[in-house]
Amino acid sequence: MNAYLLDRRFEDGTVRLRNPHIAEMGPDILYHIGLGSSSHDLQDMFSDVRFVCMGGTPRRMEQFAYYIKDEIGYKLPSGTTLLDISYQSYRYCMYKVGPVLCFSHGMGIPSVGILLHEVIKLMYHAKCRDPVFFRLGTCGGIGIDGGNLVVSESAVDGLLRPYLEQPVLGEIQRRPAILDPELASDLKNLRSDDDPFTVTLGKTMCTYDFYEGQGRVDGAFCEYTEADKLAFLQKIHAANVVNMEMESLGFAALCYHAGVRSAVVCVTVINRLQGDQMSTPKEELNKWQEYPQVLVARYIRKVMGLP
Ligand code: R2B
């Protein structure tokens, strides 16, 4: 078994829930994704899922669902379109394309965390085997120009600490934010020489805020200088931080705790050593946001044995 997983899941690859209450409970309502263990036959609907792909916005993830459909040659019955399975929740979107589940996760650790609790339980109820989770996102590069990919080798918080902290019952709970190193290196190796992007493997700083939390000087408030900001960015760059975003710490910590292999692939939309403002034209940004999808689709095709 993959060393990263240790004994956190069952021998047959199904998800071992680290919550004794769920088995004792009656129906389990997956409130934010509009599903439930008694209202839906989750095993029938989802047991074939092998890849769970998440990204910030519903539009991008709908687009990814159609892209992966073509990439894996998944045929929809004629005259039909993909349906947002979670449309009743009005929180996250969710599309199923054969063995691939696509979700939007919103912005920040709390949003991705709520989704992960419910998707991990979904994997458990559906008895999915060996699911692999991906976050496909955007980020600020540290020393990397816009339009390039970063595959996170690990996630750290704004103090360079490699774990997720949150108060639970009045005490601080700490969970290590560990990503699967083998998966990260497989993804990096899938870059081809014709690609318009580079792929860097490195540490990702995950923050609780986009403005002051990432040392920007263009928020509504700022109590430091441009020089202070650059000194901080250079300091974290020297500690091998190559990008900044707002979900990887929660994503890595919860997937690792659940015994689910996971990877974070983000496209840089700005080089933070050169500025803060997002001035790249929309069309170019849209093009760049397809790059994580290209790499993850290649991985999925490879695992599925597609040419
Ligand atoms: C990247 O982009 C969003 C902020 O604009 C946030 O979700 C992130 O991590």
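The values are calculated or read from the model by the stated rules, or taken from the named source; none is laboratory data. These numbers were taken from a predicted model, which means no experiment stands behind them. Virtual Cβ from ideal backbone geometry, glycine too; neighbours counted across all protein chains shown. Please note that ligands, DNA and RNA were not included when accessible areas were found on the heavy atoms of the full protein model with its side chains. Shrake-Rupley method; radii C 1.70, N 1.55, O 1.52, S 1.80 Å.
The figures follow:
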| item | result |
| --- | --- |
| The chain - accessible surface per residue (Å², probe 1.4 Å) | 47 |
| Where GluC sites (Glu not before Pro) in DSSP loops with at most 13 other Cβ within 10 Å are excluded, longest remaining stretch of the chain | 12-222 |
| Cα-only Debye scattering, the chain: base-10 log of I(q)/I(0) at q = 0.10, 0.12, 0.16 Å⁻¹ | -0.54, -0.79, -1.39 |
| For residue 4, net neighbour charge (Lys/Arg +1, Asp/Glu -1) across residues whose Cβ lies under 14 Å away | -3 |
| Mean projection area, nm², convex hull over Cα of the range 15-174 | 11.8 |
| Extended-chain gain in nm, criterion 0.36 nm per residue less alpha-carbon gap, residue 41 and residue 8 | 9.4 nm |
| Cut-off of 10 Å, at most 14 other beta carbons, DSSP loop: longest stretch of the chain lacking such chymotrypsin sites (Phe, Trp or Tyr not before Pro) | 91-207 |
| Cysteines not pairable in the chain (beta carbon separation under 4.7 Å absent) | 53, 93, 102, 128, 206, 222, 255 |
| Pairwise label distance in nanometres, residue 59 with residue 282, each label 7 Å out on the Cα-Cβ vector | 0.7 |
| Built amide H within the under 5 Å cut-off of residue 133, gap 5+ | 52, 261, 262, 263 |
| Euclidean distance of C-alpha centroids, the range 148-163 and the range 256-298, integer Å | 14 |
| Accessible surface of the chain [probe 1.4 Å, protein heavy atoms]: carbon and sulfur percent | 53 |
| FRET efficiency, 1/(1 + (r/R0)^6) with R0 30 Å, evaluated for residue 290 and residue 19 via beta carbons | 0.20 |
| Local net charge near residue 196, Cβ-Cβ under 13 Å (Lys/Arg +1, Asp/Glu -1) | -4 |
| Computed P(r) (all Cα pairs; the range 158-281; 5 Å bins; percent) | 2, 9, 17, 20, 18, 15, 11, 5, 1, 0, 0 |
| Reach of residue 69 by Cα under 19 Å, taken over lysines that are not fewer than 8 positions away in the same chain | 96, 287, 302 |
| Exposure of residue 44 as accessible area (Å², to 10), given a probe of 1.4 Å and all protein chains | 120 |
| Hits among lysines - C-alpha to C-alpha of residue 235 under 27 Å, sequence gap 8 or more where chains match | 188, 203 |
| R0 of 45 Å, Cβ-Cβ distance residue 189-residue 223: FRET efficiency to nearest 0.05 | 0.55 |
| The range 213-232-the range 9-54 distance, computed between alpha-carbon centres (Å) | 43 |
| The range 33-103: trypsin sites (Lys or Arg not before Pro) falling in loop per DSSP and having at most 12 other Cβ within 10 Å | 75 |
| Spin-label model distance (nm) - residue 48 vs residue 165, 7 Å beyond Cα toward Cβ | 4.6 |
